[in-house]
1. Does any residue of region 154-170 turn out to be assigned to a strand (DSSP E or B) and at pLDDT 95 or above?
2. Listed residues Leu99, Leu85, Leu48, Leu40; which is under 20 Å from the mean Cα position of the chain (by Cα), within 24 Å of Val22 (Cβ to Cβ) and surrounded by 14 or more Cβ atoms within 10 Å (Cβ to Cβ)?
3. Just give me the residues in region 206-263 being modelled with pLDDT under 95, under 20 Å from His351 (Cβ atoms) and of a type in the set (Val, Ile, Thr), in sequence order.
4. Counting only residues that are under 10 Å from the mean Cα position of the chain (by Cα) and among the hydroxyl-bearing types (Ser, Thr, Tyr), how many does region 330-351 have?
5. I'd like to check something: does region 325-337 contain any residue that is of a type in the set (Lys, Arg) and at pLDDT 70 or above?
6. Against the condition outside the structural domain of Lys108 (by TED's automatic domain parsing), within 20 Å of His250 (Cα to Cα) and not in a strand (DSSP E or B), how does Pro327 come out, does it pass?
7. What are the pairs with Cβ atoms under 9 angstrom where one residue, in region 286-305, is in the same structural domain as Val348 (by TED's automatic domain parsing) and at positive phi and the other, located anywhere, is among the acidic types (Asp, Glu) and surrounded by fewer than 24 Cβ atoms within 10 Å (Cβ to Cβ)? Sequence gap at least six, or different chains.
8. What number of residues within region 347-361 are out of contact with any helix residue (DSSP H, G or I) (no Cβ under 9 Å at 6 or more places or on another chain) and either surrounded by 21 or more Cβ atoms within 10 Å (Cβ to Cβ) or not aliphatic (A, V, I, L, M) (or both)?
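The values are calculated or read from the model by the stated rules, or taken from the named source; none is laboratory data. Just so it is clear, the model here is predicted, and its values are computed rather than measured. Cβ: placed from backbone, ideal geometry, glycine included. Neighbour counts: every protein chain shown.
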Amino acid sequence: MNIKQSYFQTGFFIGIFWFWWVGLSFRYYDLTWMIPIIILGLGIGYGLIFWGIDKIFNIFKFKILNFEISKILWGVFLIFGFDYLRPFTFDWLKPEVLLANSFFTPYKTTLGLIVLSAFFFKAKRPGFILLLLIALILPKPSLTLPPLKIKLVTTYVPQDKKWLPSYIPKEIKDNFKYINDAIKEHYDVVVLPESAFPLFLNTNEKLMQKLINLSQKITIITGALHLKNQKYYNSTYVFENKKVTILDKHVLVPFGEYIPLPFFQEEINKIFFRGASDYKTSSHFGIFTIKKIKFINAICYEATIEDLYKLNPKYIIALSNDAWFMPSIQPVLQKLLIKTYAYKFKKVVFHSINGYQSYVVK
């Protein structure tokens, strides 16, 4: 293989194998024919990124102390590059997440030590084993859970049924069963996934009142749509002691919930998404309180946004609907990203999901 071609091919196959699932959501807009085009486009896009970076780094193709500078630059790029290369704000290509389920901690420091160890090994320098051992002993954070008994609900509602008017009554009935079961099991909090109520919940007085009444017995957190000033929001509803807090999503999914282009937004929505309008956003991430304990709200994609983890509360409640991308590696990659940020910023994440098993990261 030509070494110059190999960089394009490396990026091409990384783009495909890491992100092949992205186009699966298009099945639900009768755009299945676009899936192979999207996969190929992702491969070519990342292939060109790797090829272009190689062209730049080739300027530094000389050695210092038996270390090839261009290779060192590649190592630095591997560690930090994808913090800044975020096509359409989408930054799920993080090499350190591959360490999240290993004996290593998924820190950039750990990844840096592993990369440096590889350079030492290739340059036939002593010390590469010591570097690996240092990387291996970096401790993972030990965090305490809040003094609350939290029930995370897992649902498996197929995406092709979720929004059907004929299926919504079953979803609502199931949701109240989950809530009542949690009450019987003496939980303090019950968390349902994103869009567990697939409707504009705040406009349905009967459902709102029923949830408000139940909130005297248990704190209820659920995903649903929110209609405000004729604008659509993807939101989290918190019902506690007959009070309601609505937290609108702050960061939307590019091409899933909004078109990240400065032009042709209406035309693209009309042609590809049946004329649907983009969701609107809150001006900030949501923070709410349960029994005087602060939590950060995260809806699906937000749970993989690093800036969210920089907020002060150490507990996060995340809601997701991963049925859009099932079956695929998407929920696994999402979990690896959540683990990576949770370890880095010392957070505990409670994640309720439709389409994949709910979990706690601590």
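1. Scanning region 154-170, I find at least one residue that is assigned to a strand (DSSP E or B) and at pLDDT 95 or above, so the answer is yes.
2. Leu99
3. Val251, Val253
4. Looking only at that region, the number is 0.
5. Kept after step one, since they are of a type in the set (Lys, Arg), are these residues of region 325-337: 335.
From what is left, the residues that are at pLDDT 70 or above are 335.
Yes, because at least one residue in region 325-337 is of a type in the set (Lys, Arg) and at pLDDT 70 or above.
6. no
7. Lys291/Asp188; Lys291/Glu240; Cys300/Asp322
8. 3
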